[in-house]
């Protein structure tokens, strides 16, 4: 009893409130996405997605209670065991999973369908946090970095083998976690420059980019030479010049390799998915269709939206996957710019709250896990909404707590509430 | 350690959110394009085609009605055909056609319906109906085509067809859409706006598969279709059919007008065609065949075939000559062939009445000379010009050289040469009577279309005026003939000059050039024969007539190409029709037999696919 009292006081109710908001709003929008005015539908109807989602929400509540009841030390202690079990399950899925839409990522147990990749997220986060949370671990060591890469990479490779590219990319969210723990910002900056170069390489032919980079390189060299002070040694000058030179060569090589990669390595449908990002009209009825329709749905919402259940684009199936990956279209169409903005602000505040919670952990394990939660949610948020408004390629990952689907709701619920459980016990964690 | 990096992480979160909000502002608030595209996605215009108005004859017999046909529509995205060969066999098309049609439909839209097979008759549709269930993506859409139970009057009725690209672009109020049917010729074209009715449009919301999901905005933009008006024509179907029968194997025209109203009773263009062949799915094919036919069945002869009128022109010459003060009933000229013109054998000299009864050519040579050269100027050339202008003005008041205002498109005006025309040929003041003398008996440059000849007969029957010939009696609920057909058009010849001419025309029938076949017992019939010299072949046979003399009920002009003397072909045809119309019996079946046996074409008819 005493522990329960403690828990209800020490749990972060603000975060729980955010969670409840997303889940309920998501549920209403799942209903709106398939609503048919002529069919006199009921939101509780179990034959509809909204009815089923209600079941997932109910079972999530059970999961929450379970998570809160289980001893907080469990997650730390059993992280590696769970991790090992998960890797086995992922490998098993590659061979035994049910094939759907070209990927083999589902497990069918009776009528229950589970996507193990969804649960790999929180288990990997736990394993990473457990490893880095050890007192004697120093992140600066190369060995530490390699082990981290292994922990993150192993499930990622398994999922890649299941042909679930979207879920693989989610694992890149851990880069941000590692950055907080001391990973060089150069990785982030290089990643950023790489993305810019990648997009430029899609728009312009690589030889044009090469010419521009050579031009910029020459300017940089002139700057390096003319800006030297008397005291500057020749050796420093040479090193700087070499640095500029190498930078240019790497950039040009990147541009050419992107071009080669996109045109020669990627399969046709993958290439189109990337190219439509730059120009959706390239294939308006194929790869560009989703993005075009999604933008039409969102754009037609205008400032205030058409009103709840009044949308036409989503519920008449113009937008594909309107209950799952493209659920944001329903918000955009029915609630307009105002509703979309409120939702985005809510997500940003929610994620900032998570960072705040993570930072207040005295225990490294809890902090790293907390950052993992925030970054995984952030990655989904960024890619999911980004793709619906045409600034990210179409990668099929759900909007956390919002999209229709049991596996996704369960996995995010578990992900979040393990952290809330850890946070509630942060003082006890400190003593350990 | 690295604690301040939390700010960077949070900054990344905030920046991402900010980018999204700004981007959404562009898409949702600033760019209105998406709103239209959304409407475009979801809105389906469903057009309700109104029933096209029917066309009746003067006795209420139906001339044109609508037959339901089925267009087989296809929505390419939903098509699933396992076995193309079976499909093609069942629907009676070749594989190439199938591939082509599907490709065309796909190019138009993958989700919107396109007509795959057009205008299947009920019988054809019944054959394929049962198969449709095997082929998702195909469904029938009912529409109507025109049908003609009596196969008559093709050239006057005209036809309807898909609107052309040119017409689509030209239209002012943008009523028509691609694929719409429009009256292309004849009455169908002339009364298009009344016959077609008003199209209705329903705006429905559809989902991505084109399934209807209720009306758009509760139907506030919907309009209801209004059926077309029925057209009641002045045609007497029985007379029309009889005329067509008589004109079989002959090239030419018959036009019958009720003088008291200007209503057209019969309008025969020969050879013609069965209008049904231009109403079905074989339209293009049949149209091409008709177009290539050397006898030009599509050519609307009563309205468009221009001929010199020949001797029937002497009637107006006689009237105009009196008006100009050149002729009186007692003016006499000898039948002197030494002046140039040839003539028939008849007593000579003749007065005005006799000149018409015997169609004396030298008489009109002299009469025309006196009309043109009146001695008002010493210079013969100048004098001729003065006379000609005066003469031409009077002649044209009979409706020659101008479109009469007939309610059919594309009428030809004919030609009464202007003085400038002759100036161009012979130089100003370079011509005189002897230059243009062949006009005296309706030869030379003067050109008249058959309906003008009938109108001339009607004008004489009315003793000096005509109503613009027309087909319409009334249309729709309005029981009145349109205003323009109530207006009397007066020829500029005084009423007092007519009786002698009408008497003469009676004499033509009772004891003159047309007396061989044309007397009808118990009725005074007036007529005038003509034989039009034809430099390209055998002369044309022409005849105008009206009856009864005291109260004319019908005026007829008959023109038969290459049929020789007017009295031998054109006149008996007119006589038979007149008797048919006025007495509803044929008292001299041998005349009918004689005409039916005449064949001026000698050819095998091209078989037309129906």
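Coordinate-derived values only; no laboratory data. This one's a predicted model, so the numbers in the text were calculated from it and none came from an experiment. Positions of Cβ are backbone-derived with ideal geometry, glycine not excepted, and every protein chain shown enters the neighbour counts.
In terms of surrounding Cβ atoms within a 10 Å radius of their Cβ, A:165, B:94 rank from fewest to most as B:94, A:165. Mean sequence separation of contacting Cα pairs (under 8 Å, at least six apart), scaled by the length of the stretch A:17-109, corresponds to a relative contact order of 13 percent. Entry note, chain A: relative contact order of 24 percent, from Cα contacts under 8 Å with a spacing of 6+ residues. Working from label points 7 Å from Cα in the Cα-to-Cβ sense, the residue A:44 to residue A:189 distance is 5.9 nm.
Rounded to the nearest 5, the antiparallel percentage of DSSP beta bridges internal to chain B is 95%. Roughly what would the spin-label model give for residue B:486 and residue B:510, points 7 Å off Cα along C-beta, in nm? Rounded to a tenth, the inter-label distance reads 3.8 nm.
By count of other Cβ within 10 Å, fewest leading, how are B:526, A:251, A:242 ordered?
A:242, A:251, B:526
Rounded to the nearest 10 degrees, the inclination of helix B:95-108 to the longest alpha-carbon principal axis of chain B is 70 degrees. Most tightly packed first, judged by the mean number of other beta-carbon atoms within 10 Å of their residues, the peptides A:211-223, B:184-196, B:260-272, B:375-387 read B:260-272, B:184-196, B:375-387, A:211-223.
Classify the stretch B:280-422 as rounded, prolate or oblate from the Cα gyration tensor: take a ≥ b ≥ c as the square roots of its eigenvalues, call it rounded if a/c is under 1.5, otherwise prolate when a/b beats b/c and oblate if not. Note, shape of the stretch B:280-422 comes out prolate.
Scoring B:535-545, B:427-437 by mean Cβ neighbours within 10 Å over their residues and listing the highest first yields B:535-545, B:427-437. Treating each Cα of chain A as one equal point scatterer and applying the Debye formula with no solvent, the log10 of I(q)/I(0) at q = 0.06, 0.07, 0.09, 0.12 Å⁻¹ comes out as -0.30, -0.41, -0.66, -1.11.
Inter-label distance, residue B:198 to residue A:78: 7.7 nm, where each label sits 7 Å from its Cα along the C-beta direction.
Per-residue Cβ neighbour counts within 10 Å put B:415, B:273 in the sequence B:415, B:273, beginning with the fewest. With the Kirkwood sum run over all distinct C-alpha pairs, the stretch B:88-154 has a hydrodynamic radius of 14.0 Å. Taking every alpha-carbon pair under 8 Å whose residues sit at least 6 apart, the stretch A:160-280 reaches a relative contact order of 33 percent. Within 10 Å of the Cβ of each residue in A:311-318, the mean number of Cβ atoms contributed by other protein chains is 5. An oblate overall shape is assigned to the stretch B:452-610, the ratio a/c of its alpha-carbon gyration tensor axes (a ≥ b ≥ c) being 1.5 or greater and a/b not exceeding b/c. Between helix B:5-24 and chain B there is an angle of about 20 degrees, using the helix long axis and the longest principal axis of the Cα atoms. Shielding of peptide A:346-355 by partners, expressed as the average count of other chain Cβ atoms within 10 Å per residue Cβ, is 4. The orientation-averaged projected area of the convex hull spanned by the Cα atoms of the stretch A:191-265 comes to 5.5 nm². Could you work out how far helix B:283-292 tilts from the main Cα principal axis of chain B, as a 0 to 90 degree angle to the nearest 10? Long axis of B:283-292 versus the principal axis of chain B: about 30 degrees.
Helices in the protein assembly as shown, meaning DSSP H runs of at least 4 residues, each add -39500 (n - 2.57). Divided by all residues, the mean residue ellipticity at 222 nm is -15500 deg cm²/dmol. The smallest convex shape that holds all Cα atoms of the stretch A:300-375, its convex hull, gives 85 Å³ per residue. When peptides A:50-62, A:397-409 are sorted by average Cβ neighbour count within 10 Å, with the highest value leading, the order is A:397-409, A:50-62. Net length available on complete extension from residue B:380 to residue B:306 is 23.5 nm, with 0.36 nm assigned per residue and the Cα-Cα distance removed. The overall shape of the protein assembly as shown, judged from the alpha-carbon gyration tensor, is prolate: a/c is not under 1.5, and a/b is greater than b/c.
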